[in-house]
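The structure appears right after this line, and notes come after that.
The values are calculated or read from the model by the stated rules, or taken from the named source; none is laboratory data. What you see is a predicted model; the values in this text were computed from it and never measured. Positions of Cβ are backbone-derived with ideal geometry, glycine not excepted, and every protein chain shown enters the neighbour counts.
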Amino acid sequence: MPVHNTRQLTPALLTRLFVLGLLIPALLGVFTYVGFFTNFTTGVFHQAGFEQQYLHSSIYRFRVLGTHLLLWTYEQIKDWPLADFAPYGLKSVDKNGDANFYYAYFLQNTAFLCATCVTLVLAFARHARQQDFFHIDVPVFFLALLMSFAQFVITPYDTLSYFLLAVGMLLAAQPTPGLLNGLLLALTMVLATLTRETAALLLAFYFALHRHKILCRRLTPQQLRLLLLTLLFLLTYWALRWQLGMENATYHRFRLLRNFSDDPLPIIGGLFFPAMLALFFTDHHGRGTMGVFLLASLPYWLMMFAVAYPWEIRLWVPIIQLMVFLKLLSDNPTATGKTET
């Protein structure tokens, strides 16, 4: 089956880019930040509280790109007359809550949600098995809903990380990449690592997608590219810690026993991940590639059970995002050079 040429701006593609890439995610952003309100994130909706959490506290201080973008966004809108539009519950989660600072979250996260959806439309239109409603529109709409719903935990970096993952998977899926593609993928890896540790999932994704050429005995461009991406991730990861200090360099606290003891919420959140995974394996498409990806990403999702709070289902969104693409890609032989059944 030929790869669909997304360079041709057909009416269907233009409609998808506008409706799925811009209109629907923008409306979902409004629903998320105005229609309902966080019951989890506290004390970070004014500048001093935000800086204490994200510039000076634990593992969060290493996620620099989204943090500084949020502060820049706030500087641009801090004098806008938004006080009358503050959610009713703002002061309940932050007694010093600033409506302008809260809406800086809204603007930044919604902008990157839109950018993520635009990239997903392009990726699925180019690489999915078929160019129809069930292989483009439904997956993008599903992921947009999931990304929006997961923002009951509000952070300055989640939707930015989803966007960079989407860009990375689009670049990584090119069957015959050139120098420009490689440079863009390398830049994406660095930016993703500056945003959130989920950048490591791009390595697992690239390995799963190109494993046939990576595991062969002769030297291949895919082997060299994976090695370069791994080195870029490690260098960026440790450069941040060398610059900002090694305290809590990899995690905040060990929570494995606490997650599965007297608090039911981590157990409920932990059940969501295998429940979602089960859906991906209900038919034969992509089972091998997705299985390799899950195995390669084992360090990430095991750490999420051990040192994170599984109730925050945003932790599982990056894995689900990449697996949706692998599922849709599984029957396209031109994407990776090998058809999988």
**Q.** Residues being assigned to a loop (DSSP other than H, G, I, E, B), in contact with a helix residue (DSSP H, G or I) (Cβ under 6 Å, 6 or more places away or on another chain) and crowded, with 16+ Cβ neighbours inside 10 Å - total across the stretch 75-108
**A.** 3
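Within the stretch 147-169, restricting attention to residues that are more than 17 Å from T198 (Cα to Cα) and not polar (S, T, N, Q), which residue is surrounded by the most Cβ atoms within 10 Å (Cβ to Cβ)?
F152
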(Q) Looking only at the stretch 10-65, count every residue that is touching a residue at least 60 places away in the same chain (Cβ under 8 Å), of a type in the set (V, I, T) and surrounded by 15 or more Cβ atoms within 10 Å (Cβ to Cβ) and tell me the total. (A) 7
(Q) Out of everything in the stretch 238-256 that is in contact with a Phe, Trp or Tyr (Cβ under 8 Å, 6 or more places away or on another chain) and part of a helix (DSSP H, G or I), what residue ends up being nearest to G270 (Cα to Cα)? (A) L256
Q: Check the stretch 257-266 and report whether any residue there is surrounded by 14 or more Cβ atoms within 10 Å (Cβ to Cβ), part of a helix (DSSP H, G or I), modelled with pLDDT of 85 or more and out of contact with any His (no Cβ under 9 Å at 6 or more places or on another chain).
A: yes
Q: Scan the stretch 222-242 for residues that are out of contact with any His (no Cβ under 6 Å at 6 or more places or on another chain), under 15 Å from Y206 (Cβ atoms) and surrounded by 15 or more Cβ atoms within 10 Å (Cβ to Cβ) and jot them down.
A: Q223, R225, L226, L229, T230, L232, F233
